[in-house]
Amino acid sequence: MDNAGSRFSPIQAFLEFLHAKYAPLREGEVATYIPELATADPEAFGICVATTDGFVYEVGASRQEFTIQSISKPFVYGLALDDNGPEWMMAKVGVEPSGDAFNAISLHKVTGCPLNPMINTGAIATTGQIAADTPQQRLERILQMFSLYAGRRLRIDQDVYLSESRTGHRNRAIGHLLRNFDVLTDEPNATVDTYFQQCAIAVTCGDLALMGATLANQGINPLTGVRAIREDHVENVLSVMASCGMYDFSGGWIYNVGMPAKSGVAGGVLAVLPGQLGIGVYSPRLDTQGNSVRALKVCEELSRAWELHQFNPPYCPQNSRRLTYTSAQRTSSRTRHPAEREHLRASGHLIHVVEMQSNLAFSTTEPIIRDVIGSAEKPRGMILDCHHVTSINRVAARLLADLARDLKSRKCDVYFTHTSRLPMLKAQVATHLADSDLCAELFRYHSTDAALEQCEDLLLGEARAQHTSGKNLREFEITAGLTEEELAVFASLLTDRHYASGEVIIRLGTESTNLFLITKGVVGVWLGAVTGEGRRMGSFSVGTMVGEMAFLDGEKRSANVVAEGDVECAVLEIATFLALQQSHPTLHTKILRNIGISLATKLRKLNQDVTILSAQRD
């Protein structure tokens, strides 16, 4: 168990405070109806909290072994669900609270089935549903299951088992009664004996906390990463723990503490806060209902102090939309031909970007879907940015998959971006849509900027507003205001160059000797390496220039520029440009001014982007 660094934690300090506060409490009595339990040290007292990422806080006798007793019941019920499914189990064992003591013989007056799996009748019936060819195989499967939850191989305390077996006549009577109603179909004494052994499994309250954290973590042990129960059965187990786990005190427990829990007569209590943590407490002194007195006090105070009550969850922002904008408001980082920029200003409202945030479940995803569907009558591009999403559940993932499929059917290009930390989203979309090509398309781009570039290209291509060739120099920003004679002189100064896909046009750190006008294709600008750890900062398309900053100030190149496909450039050498000062001073001045205007335009776009991002996020 990982508890490094907890020494100075305020969480650890609070657990130590609770331990010191309740250690002097002497109320309750150690269980004696099983003789071996009466030998427990009544002063033993341990508290443990395990989080869903595997961090453990512990104080007191947290590693002292005791027998699990009735805390075994919900876990064996989960194994029976995995073996048989909920429908079969409902026909054998109900889920209604009985309001009776743990050892009450409570059967449904019509069906003869136990009322729930948390009382002895239901637990013995549940043990009998574990798939096995022999009693020994059944016991081994149960032990293996508990070991998956605890993250270590557990054992049976033989002394306690034999003590229970010698005195367990009431439970044997329950077994025969269940056989009478065909709830059990095997020889009942063998099943009851297995039940005695499962109750005698030795655990610590550290084990209990980790077992609770495994349930809180959707059935996956947070330390080992191994699944202990099917995810879709976790909610069934937690439900019966919440309604029946504390016997005839279950109502008071859920009212005051508010977490699914289970107690055992050896003095253990396990509580689960779904999605967050598991709690294990051990103290053998019991109240009249068979629950540990100290454990009840500790759990109630933990719930109150840390606001753990499941019906008073932490505030989850309903506005899970961090930011929304269109390509008319904020375009991608690609520097485009002036005519393309104008078209995006006019039609970019058809491309939407939605930055999502926080935890995505039904309540936080539904407003996103509502806004996306209502944001534009016929959107042409929709980008759902997951960069600030901390988690997503199955329901949210399926809703987003349905949204994507609906938008695609309406001829809208849809992309999920920044999803590397959300494997659940990709897995659920792939399963739900059952279309590998569509799934690959939805997750085609990691970055939002790359997806936005693609949507813009498609929109421009549909309108035939995309410039694939820049042979007409009059359309370049650098030639604005030139006379026909000046344009002819400028054209005579340029040399044509061709670059294959992936070829480096400008290399980081080299001397600046020329300016590049993109006449065909697209070039990408990279900081650092072109691949691997490098970062693509933007791109330039036909009608734009690249390399102008170093061209003006003479500094070394500050980035790599790489051809993305087949690229052609018209190149202006620095020496040729400087010579214009003498031969054509007016032309030199106009070109210099146009380069300055181009840089100012890029800076203005950056300022507008910052304003949009800041205004919406504030």
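The values are calculated or read from the model by the stated rules, or taken from the named source; none is laboratory data. These numbers were taken from a predicted model, which means no experiment stands behind them. Reconstructed Cβ throughout: ideal geometry from the backbone, glycine too, with neighbour counts over all protein chains shown.
Determine which member of the set L508, L487, L482 is touching a helix residue (DSSP H, G or I) at 6+ places or on another chain (Cβ under 7 Å), surrounded by 12 or more Cβ atoms within 10 Å (Cβ to Cβ), without any contact (Cβ under 8 Å) to a residue 60 or more places away in the chain and outside any strand (DSSP E or B). So that I can check it myself, show each step before the final result.
On the way: L508 fails: touching a helix residue (DSSP H, G or I) at 6+ places or on another chain (Cβ under 7 Å); L482 fails: without any contact (Cβ under 8 Å) to a residue 60 or more places away in the chain.
The conditions single out L487.
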Using the structure shown, decide if Q144 is of a type outside the set (A, V, I, L, M), out of contact with any His (no Cβ under 6 Å at 6 or more places or on another chain), touching a residue at least 12 places away in the same chain (Cβ under 8 Å) and surrounded by fewer than 21 Cβ atoms within 10 Å (Cβ to Cβ).
-> no
Okay, helices (runs of 4 or more DSSP H) sitting entirely in the stretch 135-215 with 2 or more residues that are touching a Gly at 6+ places or on another chain (Cβ under 7 Å), I get 188-199
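Report, by residue number, each residue of the stretch 481-511 that is β-branched (V, I, T) and over 22 Å from R536 (Cβ atoms).
T483, V489, T495
Of the residues L452, L458, L399, L425, only one is surrounded by fewer than 18 Cβ atoms within 10 Å (Cβ to Cβ), assigned to a helix (DSSP H, G or I) and among the hydrophobic types (A, V, I, L, M, F, W, C); which? Show your work before the answer.
Values: L452 fails: surrounded by fewer than 18 Cβ atoms within 10 Å (Cβ to Cβ); L399 fails: surrounded by fewer than 18 Cβ atoms within 10 Å (Cβ to Cβ); L425 fails: surrounded by fewer than 18 Cβ atoms within 10 Å (Cβ to Cβ).
Testing whether each residue is surrounded by fewer than 18 Cβ atoms within 10 Å (Cβ to Cβ), assigned to a helix (DSSP H, G or I) and among the hydrophobic types (A, V, I, L, M, F, W, C) leaves just L458.
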List the pairs whose first member sits in the stretch 239-268 and is closer than 13 Å to L308 by Cα, whose second member is among the aromatic types (F, W, Y), and whose Cβ atoms are under 8 Å apart, counting only residues at least 6 apart or on separate chains?
-> G258/F311; A261/W253
Residue pairs meeting the criteria (Cβ under 8 Å; at least 6 apart or on separate chains; first among the small types (G, A, S), in the stretch 192-208; second at pLDDT 95 or above and part of a loop (DSSP other than H, G, I, E, B)) = A200/I68; A200/D157; A202/E65; A202/I68; A202/L154; A202/D157; G206/S62; G206/R63
Are any of the residues in the stretch 561-574 out of contact with any strand residue (DSSP E or B) (no Cβ under 8 Å at 6 or more places or on another chain) and at pLDDT 90 or above?
-> yes
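Can you pull out every residue in the stretch 266-286 that is at pLDDT below 95 and assigned to a loop (DSSP other than H, G, I, E, B)?
Going residue by residue through the stretch 266-286, those that are at pLDDT below 95 are 273-277.
Passing the criteria: P274, G275, Q276.
Could you check the stretch 426-479 and list, in sequence order, the residues that are of a type in the set (S, T, N, Q) and either closer than 18 Å to D406 by Cβ or modelled with pLDDT under 90 (or both)?
Taking the stretch 426-479 as the starting set, the residues that turn out to be of a type in the set (S, T, N, Q) are 428, 431, 436, 447-448, 454, 466, 468-469, 472, 479.
Q428, T431, S436, Q466, T468, S469, N472, listed by residue number.
Answer with yes or no whether I119 is assigned by TED's automatic domain parsing to the domain that holds T191 and modelled with pLDDT of 95 or more. Break it down into steps so the answer makes sense when it comes.
Details: assigned by TED's automatic domain parsing to the domain that holds T191: yes; modelled with pLDDT of 95 or more: no.
Judged against the criteria, I119 is not a match.
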Out of all the residues in the stretch 2-48, which are buried (at least 20 other Cβ atoms within 10 Å of the Cβ), under 18 Å from I279 (Cα atoms) and at pLDDT below 95?
-> L15
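In the stretch 147-163, which residue that is more than 34 Å from the chain's Cα centre (by Cα) and of a type outside the set (G, A, S) is surrounded by the most Cβ atoms within 10 Å (Cβ to Cβ)? Please lay out each step first, then the result.
Of the stretch 147-163, the ones more than 34 Å from the chain's Cα centre (by Cα) are 155-163.
Now drop any that are not of a type outside the set (G, A, S), which leaves 155-162.
Working: R155: 13, I156: 19, D157: 21, Q158: 12, D159: 13, V160: 26, Y161: 21, L162: 14.
By that ranking, first place goes to V160.
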Among residues of the stretch 541-556 being over 12 Å from L572 (Cβ atoms) and part of a loop (DSSP other than H, G, I, E, B), the residue modelled with the lowest pLDDT is G554
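Can you pull out every residue in the stretch 321-341 that is in a helix (DSSP H, G or I) and either closer than 19 Å to H388 by Cβ or touching a helix residue (DSSP H, G or I) at 6+ places or on another chain (Cβ under 8 Å) (or both)? Give the steps one after another, and end with the answer.
If we filter the stretch 321-341 for residues that are in a helix (DSSP H, G or I), which is where we start, we get 338-341.
The answer is P338, A339, E340.
Please work out if I229 is within 21 Å of the chain's Cα centre (by Cα), in the same structural domain as Q144 (by TED's automatic domain parsing), closer than 23 Å to T126 by Cα and without any contact (Cβ under 8 Å) to a residue 24 or more places away in the chain. Spell out how you get there, then give the answer.
Details: within 21 Å of the chain's Cα centre (by Cα): yes; in the same structural domain as Q144 (by TED's automatic domain parsing): yes; closer than 23 Å to T126 by Cα: yes; without any contact (Cβ under 8 Å) to a residue 24 or more places away in the chain: no.
For I229, the condition - within 21 Å of the chain's Cα centre (by Cα), in the same structural domain as Q144 (by TED's automatic domain parsing), closer than 23 Å to T126 by Cα and without any contact (Cβ under 8 Å) to a residue 24 or more places away in the chain - is not met.
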If we keep only residues of the stretch 530-540 that are at pLDDT 80 or above and either in contact with a Cys (Cβ under 9 Å, 6 or more places away or on another chain) or of a type in the set (G, A, S) (or both), then the residue surrounded by the fewest Cβ atoms within 10 Å (Cβ to Cβ) is G538
Return the total of residues in the stretch 81-96 being under 17 Å from A242 (Cβ atoms) and in a loop (DSSP other than H, G, I, E, B).
-> 4
